[in-house]
Amino acid sequence: MNESIISIKDFTKRYGDFTAVESISFEVQRGEIFGLLGPNGAGKTTTLECLEGIRQPDGGSMSILDVDPSSSPRRLAGVLGVQLQTSGLPAEMTALEAMKFFCAYHGVAPREDLLERLGMSAKRQTQFHKLSTGQQRRLALALAIAHQPQVLVLDEPTAGLDVASRAELHSLMQELKEQGTTILLATHDMAEAEKMTDRVSILLKGKIVTTGSPRELTATGSGFTKISVRSENSVLHGNETAFPAVNQKAVKEDYAIFFSTDPGPTVTALLEHLNAEHDRLIDLRVERPTLEERFLEITTEGGTP
């Protein structure tokens, strides 16, 4: 049975006359990785800050494991881990000192194993201001999970990370999920959201415009399937033949690209045409719409799901 860990109902936040978030609602289940997506200014950071107890809501309610962030900050700290986009650590504090400080606050033994897991062992005596951006973010993640929180908030966790560090973070996120940790992920990286999340909500101008799994969201909208064809003689590049179910065509580098509403008949007709023209197929790729393409479609249309 699903168990709601994060509950947000009719949450509203205003700054003077400006409404940053207007009456949004969503729930996150135990062990779920839930993505909060949206362009800059959509209300993601405001929502996270209120959920973390940094700011006070102006309407509605929110809770984490039945803890009200605005009224029970100490209880919240025991169940919540947060990796922010920017850290408030003192510039002169070393990575190891930061780990010892955070673990002392939570009453747990220092987690030097996490520094090693996240590639920070060699930097444990390095002052924070001397760490690279990627190293600072890896340290922030280690501090966020040191007390084994039941809920983890990650705000742009892979920004500034190299490919290997990004892969290690994704592996760690998956391990935490399998252990029952609930993760709320705010990211601009649509490929990351599509790969890692179970469900996402897309915010636009302070309102949630759609919620669902990445597969559910990419199955809606225009629904075009991208079919890329590379052949020996490139006969499809300048070809004006009307292939079935094709809505749009483009040429990029060595590929003729077709956007189809029904890929089966389209692919069959393309292969038949190549055969008739005695052109040898080199590569054929059939790709469903990506979450990034669906995100751009939604945000460009102004929020039509």
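Only the coordinates and a few stated rules stand behind these numbers; no lab work does. Quick caveat, the model's predicted, so the values are computed rather than measured. Positions of Cβ are generated from backbone atoms using ideal geometry, with glycine treated the same way; all protein chains shown enter the neighbour counts.
Relative to the dominant Cα principal axis of the chain, helix 163-178 is inclined by about 70°. Taking a straight line from the alpha carbon of residue 252, these aspartates and glutamates sit under 16 Å away, with near neighbours fewer than eight places off in the same chain left out: 232, 283, 287. Counting only residues at least eight positions apart within a chain, or on another chain, the lysines with an alpha carbon under 21 Å from that of residue 177 are 195.
Which shape class, rounded, prolate or oblate, goes with the range 146-252 when its Cα gyration tensor gives a ≥ b ≥ c as root eigenvalues, a/c under 1.5 marks rounded, and past that a/b bigger than b/c marks prolate? Prolate, since a/c reaches 1.5 and a/b exceeds b/c.
By the rule of a C-alpha distance below 25 Å, with chain neighbours fewer than 8 residues away ignored, the lysines paired with residue 13 are 44, 205, 207.
Which of the three applies to the range 161-202, rounded, prolate or oblate, going by the alpha-carbon gyration tensor with a ≥ b ≥ c and a/c under 1.5 meaning rounded? Kindly include the intermediate steps, with their values, before the conclusion.
Numbers: a/c = 2.22, a/b = 1.03, b/c = 2.15.
Oblate is the answer for the range 161-202, as a/c is 1.5 or above yet b/c matches or exceeds a/b.
Ellipticity at 222 nm from helices only: DSSP H runs of n ≥ 4 in the chain, each -39500 (n - 2.57), divided by the residue count, give -9500 deg cm²/dmol.
Between the helical axis of 133-145 and the longest alpha-carbon principal axis of the chain there is an angle of about 60 degrees. On a 0 to 90 degree scale, rounded to 10, what angle separates helix 263-276 from the longest Cα axis of the chain? For helix 263-276, the angle is close to 40 degrees.
Please rank 36, 281, fewest neighbouring Cβ atoms within 10 Å first, as an exposure proxy. Intermediate values should be presented prior to the final figure.
Values: 36 28, 281 13.
Ordered by Cβ neighbours within 10 Å, fewest first: 281, 36.
With Rg/Rh (Cα atoms, Kirkwood Rh) in mind, check [x] 1.05; [y] 1.08; [z] 0.94 and report the label derived from this structure. Of the listed options [x] 1.05; [y] 1.08; [z] 0.94, [y] comes from this structure.
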